[in-house]
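Following: one structure in structure tokens, then a few remarks.
We did not get these values from a lab; they are worked out from the coordinates using the rules stated. In this text the structure is predicted, and so the values were computed from the model without any measurement.
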Amino acid sequence: KYVRGIRKIENSIRDDEQEVAAIVSKYCSAVRGSLTSDGRPPLDASGLKLQERLTLIEQSLQKVEKKNLKKHHNARIEQLQFRRNPSQYLATLESMLL
């Protein structure tokens with residue numbers, strides 16, 4: 001029940017940035033592929049395999065979320081450094097570029 005709504009997610013990203021939409025679409029495909037997997041190797045319950053695959057997808061999404069939060073936090077720190085001392089901040093940037 002927790003993985004329903006894949007089509008709704010796919011439809012909601014159509015107007016988003018192309019790169020982001022492509023990534024979300026691939027995650028949706030991974031979930032759909034996990035749900036429709038019909039391979040049943042010996043001694044491997046299909047429900048356990050589904051649980052394993054969905055857990056891997058969830059962990060991957062959590063890593064992406066954590067990374068994006070870190071990027072946002074770093075951007076905020078950059079803004080504050082610029083506001084405190086703009087000339088020093090710009091000098092630092094120039095030294096990195098030159």
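Computed quantities for the displayed model
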item: Cα-based reach from LYS26 at 15 Å (exclusive), listing aspartates and glutamates while leaving out same-chain residues under 8 positions away; result: GLU10, ASP16, GLU17, GLU58
item: Reachable lysines, given that their alpha-carbon falls under 17 Å from the alpha-carbon of LYS49 and they are not under 8 places away in the same chain; result: LYS1
